1. Using the heavy atoms of the protein chains and a 1.4 angstrom probe, tell me the accessible area per residue for the chain in square angstrom.
2. Give the long-range amide H neighbours of Glu220: residues separated by 5 or more places, or on another chain, with amide H under 5 Å away, using H modelled in the peptide plane at 1.01 Å from N.
3. Show the residues, 5+ positions off or on another chain, whose built amide H is closer than 5 Å to the amide H of Gly86.
4. Estimate the FRET efficiency between Val46 and Trp182 by the formula 1/(1 + (r/R0)^6), using the beta-carbon distance for r and 25 Å for R0, to the nearest 0.05.
5. Pull out a ≥ b ≥ c, the square roots of the eigenvalues of the alpha-carbon gyration tensor of segment 238-298, then state rounded if a/c is under 1.5, prolate if not and a/b is larger than b/c, and oblate in the remaining case.
6. Could you give each residue of segment 320-329 its phi-based ³J(HN,Hα) in whole Hz, using Karplus coefficients 6.51, -1.76, 1.60 with θ = phi - 60°, and x for Gly or Pro?
7. Normalised by the residues of segment 60-112, what does the relative contact order come to in percent, with Cα pairs under 8 Å and at least six apart?
8. Just to be sure I follow the rule: in the chain, considering lysines 8 or more places apart or on different chains, how many pairs have Cα atoms under 30 Å apart?
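The values are calculated or read from the model by the stated rules, or taken from the named source; none is laboratory data. Small disclaimer: the values here were computed from a predicted structure and weren't measured. Backbone-built Cβ (ideal geometry, glycine too); neighbour counts: all protein chains shown. Note: areas computed on protein heavy atoms with side chains; ligands, DNA, RNA excluded. Shrake-Rupley method; radii C 1.70, N 1.55, O 1.52, S 1.80 Å.
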Amino acid sequence: MALVFPFDPNIEHAATIPARLYNDPVYLELEMERVFAHSWQLVGRVDQVAEHGQFLTAQVGNDSIVVLRDGDTLRGFHNVCLHRAGPVAHGCGKRNTLQCRYHGWTYGLDGTLQRAPGMEGVESFRPAEMQLVPVKVTTWGPLVFANLDGKAPPLVDMMEDIPQRVQAFGCENMQYVTSRSWDIACNWKVYVDNFLEGYHVPVVHPGLHKELDMDNYRVEPHRYFSIQHAPLRPVHGGNPDRIYDPSTTDTPEAVYVWMFPNIMLNVYLGQMQTNVVIPMGHDRCKVVFDWYATNPPANAATDPAWTKLMAFSAEVQDEDIEICETVQRNLRSRVYDRGRYSARHENGVHHFHSLLHEFLT
């Protein structure tokens with residue numbers, strides 16, 4: 001089977017990518033190697049690794065990694081002991097060393113092997129040659145990113161002017177509020193496709209449609225990211241049914257930033273929601289939401305404004321899950337292979353597919 005697939009850079013002529021890219025496990029393995037192993041991934045929060053010895057673990061494609069604070073230095077390593085591939089860290093926490101949970105090999109926070117019990121008398125065994133394999137890590141605002149590709153360009157190159165574009169919202173100084181995740185029965189690209197267009201909002205999200213001025217909704221693609229601008233509808237007469245009130249902010253729009261391949265930043269009304277779409281199989285993914293705020297509540301679960309905001313977010317997410325899971329099932333239909341893009345509404349999806357084509361082929 002040929003893994004190459006056709007792609008037309010002219011959206012007015014183009015057909016969507018073939019259904020097999022969403023259904024065939026072979027493509028997921030290709031994506032793990034050519035996309036996820038070479039792109040910046042959002043793996044955690046700065047507050048999780050703020051102090052010496054604090055660490056977090058994350059999965060990037062097929063690779064487990066550990067990110068930690070060593071004095072003033074943020075370090076990342078593959079979470080793989082070089083003895084027999086056991087894990088050197090689990091979950092998150094605080095330690096002065098990393099110790100393999102298989103045979104007890106112990107590493108310093110700088111990745112050097114400090115102790116290898118039972119290896120006495122082994123010829124040509126040189127601990128200095130058995131250091132943990134490093135991973136590139138960096139931060140932006142409250143977020144921690146990692147990249148498995150040692151030759152990858154810096155995160156700031158990929159983000160270009162995103163920081164300036166969201167500067168008015170104060171994202172870089174926001175503090176963590178809470179998290180939630182969903183397991184979804186669809187290919188990760190189905191979920192990303194859905195995020196990258198407002199075309200479906202009037203049909204799938206009647207509640208969200210009341211909040212956003214869809215006549216002035218626009219998608220702005222860049223090299224490795226795109227931005228959806230969604231002006232908030234004015235509130236007339238103090239409508240109690242409205243969730244978003246643009247009169248309370250100097251930036252009366254919602255900005256949805258997508259960074260290739262699977263990172264979303266939803267920014268509006270003093271808060272930022274990060275979404276990370278993690279492939280769990282060719283027909284399954286996990287979506288992790290983290291909320292941040294300029295003025296975080298003492299307890300999001302009991303704060304009235306936040307409970308209302310998060311309930312509305314869950315409502316929109318449930319609507320997205322239902323349509324994405326249905327689309328995934330229908331992508332296996334014998335009557336469907338490739339569709340057509342709306343040149344007006346789906347330039348963000350077309351842009352995503354152009355990057356997939358570039359990285360995969």
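1. Solvent-accessible surface per residue comes out at 47 Å².
2. Close amide H contacts, sequence-distant or interchain: Ile227, Gln228, His229.
3. Here the answer is Cys81, since their amide H atoms fall under 5 Å of that of Gly86.
4. Efficiency computed from Cβ-Cβ geometry: 0.55.
5. Judged from the Cα gyration tensor, segment 238-298 comes out prolate (a/c at least 1.5, a/b above b/c).
6. Running phi through 6.51 cos²θ - 1.76 cosθ + 1.60 with θ = phi - 60° gives 5, 4, 4, 6, 5, 5, 5, 4, 4, 5 Hz.
7. Reported relative contact order: 26 percent.
8. Counting lysine pairs in the chain gives 14.
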